[in-house]
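Q: Before I ask anything, here is the structure I am working with.
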Amino acid sequence: MQWNKLVPELIVTDLKRSYQFWVEILGFSVMYQRTEEKFIYVELDGVQFMLEQQQQGQWLTGVLAYPLGRGINFQFEVDQLDSILNRLDVAQWPLFAALEERWYRAETIEHGQKQFLVQDPDGYLLRIVEVIGERAITLD
């Protein structure tokens, strides 16, 4: 397993509820955990997150209030977007933004992706994408 150079560590209010969402619904695997610290390290298609239940002695810069992570969304690419959408539907988990196809300009090309947004149990905003290709920009 390769460890990413950047791994967000999210403080969560209920690790069991977060486990259900991240592992059982989204499909992440637990790489390791420290149950005594209420901590899990998860991975899906090379995307890695650390989840730790809120407790004394953590590095907090202020009071945590729902939704956590205001002002940020975590975009990550997956291989099977549809299977995640199906599991969210079965779990009756609401989407923040419905599935759409988007093309983003980068100099002389556009990068295409299917994407949707969903909030985890603590309100962290996740933009889950599947790459659909690149195309040249057409000028009018």
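The values are calculated or read from the model by the stated rules, or taken from the named source; none is laboratory data. Because the structure is predicted, anything quoted here is derived from the model rather than measured. Cβ coordinates were reconstructed from backbone atoms using ideal geometry, including for glycine residues, and neighbour counts include every protein chain displayed.
Q: Please tell me if I40 is modelled with pLDDT of 95 or more, over 21 Å from R70 (Cα atoms) and touching a helix residue (DSSP H, G or I) at 6+ places or on another chain (Cβ under 6 Å).
A: no
Q: Can you tell me which residue among I109, I137 is in contact with a Ser or Thr (Cβ under 7 Å, 6 or more places away or on another chain), surrounded by fewer than 18 Cβ atoms within 10 Å (Cβ to Cβ) and over 24 Å from N4 (Cα atoms)?
A: I137
Q: Right, another one. Quick check, is P67 under 12 Å from the mean Cα position of the chain (by Cα) and either under 16 Å from Q20 (Cα atoms) or in a loop (DSSP other than H, G, I, E, B) (or both)?
A: No.
Q: Would it be correct to say that Y66 is closer than 13 Å to Y124 by Cα and of a type in the set (F, W, Y)?
A: yes
Q: Is one or more of the residues making up region 73-80 modelled with pLDDT under 95, surrounded by 12 or more Cβ atoms within 10 Å (Cβ to Cβ), within 21 Å of V118 (Cβ to Cβ) and among the polar types (S, T, N, Q)?
A: yes
Q: Out of all the residues in region 90-140, which are without any contact (Cβ under 8 Å) to a residue 24 or more places away in the chain, under 28 Å from V23 (Cβ atoms), aliphatic (A, V, I, L, M) and assigned to a loop (DSSP other than H, G, I, E, B)?
A: Across region 90-140, the qualifying residue is only L95.
Let's see how each residue does on (1) among the aromatic types (F, W, Y); (2) within 25 Å of W3 (Cα to Cα); (3) at pLDDT 95 or above:
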position	(1), (2), (3)
G27	no, yes, yes
Q48	no, yes, yes
L51	no, yes, yes
Q55	no, no, no
Q58	no, yes, no
L64	no, no, no
L88	no, no, yes
E101	no, no, yes
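Q: Now, a different point. Under 7 Å by Cβ, and 6 or more places apart or on different chains, what pairs join a residue from region 70-84 that is closer than 20 Å to P121 by Cα with one that is of a type in the set (V, I, T) and in a loop (DSSP other than H, G, I, E, B)?
A: From region 70-84, the pairs are I84/V78.
Q: Something else: Is it the case, given these coordinates, that T35 is of a type in the set (V, I, T) and farther than 21 Å from Q119 by Cβ?
A: Numbers: of a type in the set (V, I, T): yes; farther than 21 Å from Q119 by Cβ: yes.
Yes, satisfied.
Q: Among Y32, Y19, which is the only one that is among the hydroxyl-bearing types (S, T, Y) and closer than 21 Å to R87 by Cα?
A: Details: Y32 fails: closer than 21 Å to R87 by Cα.
Every option except Y19 fails the conditions.
Q: Separate question: Out of curiosity, is R87 touching a Phe, Trp or Tyr at 6+ places or on another chain (Cβ under 9 Å) and assigned to a strand (DSSP E or B)?
A: When the stated conditions are applied, R87 does not pass them.
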